[in-house]
Amino acid sequence: MQLETMIDILLQEHFTTLVLVVAYAIKLYEQKQTKDIELRYFWMPLVSCFLLVIEDVCENVASLNPSLYYMRIFLSVIGYFFRPFAAVGLLLVVTPPEKRNWKIFIPCYINGIIFLTAFFSPIAFSYDENYHFQRGPLGYTVFIVGFFYMLQVLVVTWKRFYKRDVTERTILIICALSCIAATFIDATYDTSHLPECIMVSSVFFYIFLRSYDNRSDPLTSLQNRFAFYNDLLRNEKSITAIASLDMNGLKTLNDTQGHAAGDKALKEIGNCLLEISDRNIISYRIGGDEFVILFLQQNEKTVQNKLRLAKDNVVKSGYSISVGYAMRSGNSTMDDVLQKSDHNMYKDKEEYYAHNKINQRMT
């Protein structure tokens, strides 16, 4: 009888969440061969949501039998602990690696300690003489902590991916807002929508971040060649200028100081280009020491100022780049603008080598 009740609750209230958990787990398990340490953060919301489903089913069964009083309290405490734990898992997914630390877990553990008091105090929750649930004065802590974490997810998502495509970023914002809404709904109607929302959001964040990795150059953190040609087509109507940039002297640097020195130089140049980039000025490393910048809805004066700033910053970092750009005009195609930009960059490179009396073929 209890088994039938558990199956009924599982199918009626948690079927979607369970399907997402299973499918998502298969995908994450498949990716284990990548040895990507970031995957462990994707497992956190998944495992937490799975435990929340099991806990809710078992707690509903325990609520039918007063002899399981302490078991019901134990199950409820587990549920109240893992609700914010699922949220903190989603937060760790979107938080940059350098900002992840143990302090993120403090509200989660405080919440857990508060609900452990249910074994000897009604301050968090209790059951009356009719075995009905009664929320105590600190019973809303779990929702406050969950809201706190989801609000952080929203803020981090906005800041971290501010320069990304508006549509992609909007999807993530909607996911975070849906989790916040689910927190309020659960607090008001004593439901359990948050695990389902967190699972859906986690899947979307996984897809987005994997796509983000596929579009990023791992050395410089700029967009890569694939992203460049994709954006060239997607933003064709908005592109007003293209700039081509190429490092001077990379071969000599690699030959004399080693490839580690060359990688360091490319990374510094990448940092300089990131400083001038935003949603309408997008920088790419398309191969070796070759870089490209797309300017969306920018006038020529802005293009010149940004390129001058980038070139000056590269010089200050101890390196040199050749730069050329072309403004879009008339019926010119993207290929025309890119070719003209490359041509102007090579003219700048020739002047650099001629001025410094260097044999260009040797560098």
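The values are calculated or read from the model by the stated rules, or taken from the named source; none is laboratory data. Nothing here was measured: the structure is a model prediction, and the numbers come from that model. No Cβ is skipped: glycine too gets one built from the backbone with ideal geometry, and neighbour counts run over all protein chains shown. Just so you know, the surface numbers come from the protein's heavy atoms only, side chains and all, with ligands and any DNA or RNA stripped out. Shrake-Rupley method; radii C 1.70, N 1.55, O 1.52, S 1.80 Å.
If the condition is being within 16 Å of residue 188 (Cβ to Cβ), among the aliphatic types (A, V, I, L, M) and surrounded by fewer than 20 Cβ atoms within 10 Å (Cβ to Cβ), then region 138-158 contributes only 144. Restricting attention to region 97-113, does a residue exist that is of a type outside the set (Asp, Glu), in contact with a helix residue (DSSP H, G or I) (Cβ under 9 Å, 6 or more places away or on another chain), open to solvent by 30 Å² or more (accessible area, probe 1.4 Å) and not in a helix (DSSP H, G or I)? Yes, region 97-113 contains at least one residue that is of a type outside the set (Asp, Glu), in contact with a helix residue (DSSP H, G or I) (Cβ under 9 Å, 6 or more places away or on another chain), open to solvent by 30 Å² or more (accessible area, probe 1.4 Å) and not in a helix (DSSP H, G or I). Of all the criteria given as (1) in contact (Cβ under 8 Å) with a residue 40 or more places away in the chain; (2) within 17 Å of the chain's Cα centre (by Cα); (3) farther than 18 Å from residue 142 by Cα, the one not satisfied by residue 89 is (3). Using the structure shown, decide if residue 52 is surrounded by 12 or more Cβ atoms within 10 Å (Cβ to Cβ), assigned to a helix (DSSP H, G or I) and at pLDDT below 90. So residue 52 does not fit the description; no. All of 198, 207, 180 fail the test of being in contact with a Gly (Cβ under 9 Å, 6 or more places away or on another chain) and open to solvent by 10 Å² or more (accessible area, probe 1.4 Å), apart from 180. When we screen 120, 147 for residues that are aromatic (Phe, Trp, Tyr) and in contact (Cβ under 8 Å) with a residue 12 or more places away in the chain, the only hit is 147.
The single condition from (1) modelled with pLDDT of 95 or more; (2) open to solvent by less than 10 Å² (accessible area, probe 1.4 Å) that residue 74 fails is (2). Taking region 159-170 as the range and being loosely packed, with under 15 Cβ neighbours inside 10 Å and among the hydrophobic types (A, V, I, L, M, F, W, C) as the test, only 166 passes.
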